[in-house]
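Engineer: What follows is a single structure, and I will ask about it in a moment.
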Amino acid sequence: MPDWIHIVIRAFSTLVILFALTRVLGKKQISQLTFFEYVIGITLGDLAGAISTDVETNYSHGIIAILVWCLVPFGLELLAMKSKTLRNWIEGKGRVVIKDGKILEDNLKKERYTGDELMEQLRTKNIFRVADVEFAMLESSGDLSVLLKSDLQPLTPKHLDMKLPIEKPTHAVILDGVIQLEPLAAAGKSKGWLMTELKKMGIPVENVFLAQVDTHGDLTVDLFDDKIQVPEPTQRPMLLATLKKCEADLELFAMTTKDTEAKLMYEASSARLTEVIQSVKVLLKA
């Protein structure tokens, strides 16, 4: 058998074995690597390349070596889940490099980290002043975690005492012009509802590349024909406009009526409707 056939067989079988072992080791092997995982990855790659192309080496010995380099780390990970000391020894632990806007130079030296490298990491997070940082930690993966001072953190609805709806997953109900029944059911919609919404837009399902139902139940579509302008969802803005019109009508009735009892009723209803509008305005704005 020619050498190239041996190499193809070896490479393919090694690829299958590495794929299976990587699935066993889990997603950590393809995420941010610790020192230990980095060494394992390099060694496995070198072993796989060697036994795939060197037809003179014993293939079974190479497979045994790969198994050892996979199963030993797997066993250590299981033990590390039960022992923090072992986990710190294998994966390392983070080190604080900035505290209260001050750089901890001694900790930088322990990590063999220069000031230029620290500033580069901060700039990648759009931070240009060390004094703006409340706390920064260099993680075992090499990433820098940063907490800004409280007065520099982004404003959130919670700071404004605003209650927002719980965001639910967006479901792709049409993909490549084909209706996806399972996501449609997960969104709480029927095929009839979907066809009705598309009919309102004047769009045939065959021209829809992607259609999604968002957390508010609105349907948004992306068409194969990009020249066609798709109308924006209008149900929630129309409902908000209707509520405001009712509020204005009640205020008008209160001003024009001469009946004292009716005037008080209209004013109370208007005030109540104003409260309702304020509570749902965030939900109904497009």
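The values are calculated or read from the model by the stated rules, or taken from the named source; none is laboratory data. Keep in mind that this is a model prediction, so the values were computed, not measured. Cβ atoms come from the backbone with ideal geometry, glycine included; neighbour counts cover every protein chain shown. These area figures cover heavy atoms from the full protein model, side chains too; ligands, DNA and RNA do not enter into them. Shrake-Rupley method; radii C 1.70, N 1.55, O 1.52, S 1.80 Å.
Engineer: Going through the stretch 179-262, which trypsin sites (Lys or Arg not before Pro) have at most 13 other Cβ atoms within 10 Å and a DSSP loop state?
Structural biologist: Lys227, Lys258
Engineer: Counting only protein heavy atoms and a 1.4 Å probe, tell me what percentage of the stretch 122-224's accessible area is made up of carbon and sulfur.
Structural biologist: Accessible surface attributable to carbon and sulfur in the stretch 122-224 totals 56 percent.
Engineer: For Glu120 and Lys191, calculate 0.36 nm times their separation in residues minus their Cα-Cα distance, and state this gained length in nm to one decimal.
Structural biologist: Full extension from Glu120 to Lys191 adds 20.4 nm.
Engineer: Still on this structure, I have one more. What is the set of long-range amide H partners of Ile103 at a cut-off below 5 Å, with H atoms built 1.01 Å from backbone N?
Structural biologist: Those lying under 5 Å, H to H, from Ile103: there are none.
Engineer: How high is the relative contact order of the stretch 67-132? Use alpha-carbon pairs under 8 Å, at least six apart in sequence, and give a whole percent.
Structural biologist: Result for the stretch 67-132 is 21 percent.
Engineer: Here's something else I'd like to know. Kindly report, to the nearest 10 Å², the accessible surface of Arg123 as traced by a 1.4 Å probe over protein heavy atoms only.
Structural biologist: The value for Arg123 is about 110 Å².
Engineer: Still on this structure, please answer the following. What FRET efficiency comes out for Ser83 versus Leu155 if R0 is 51 angstrom and r is the Cβ-Cβ distance? Round to the nearest 0.05.
Structural biologist: It comes to 0.75.
Engineer: Let me ask something else about it. Compute, for the stretch 32-155, the length of the dipole vector about the Cα centre, with Cβ point charges of +1 (Lys, Arg) and -1 (Asp, Glu) only. Units Debye, rounded to 20.
Structural biologist: It comes to approximately 520 debye.
Engineer: Using 7 Å Cα-to-Cβ label points, what is the His216/Arg236 separation (nm, one decimal)?
Structural biologist: Modelled inter-label distance: 0.3 nm.
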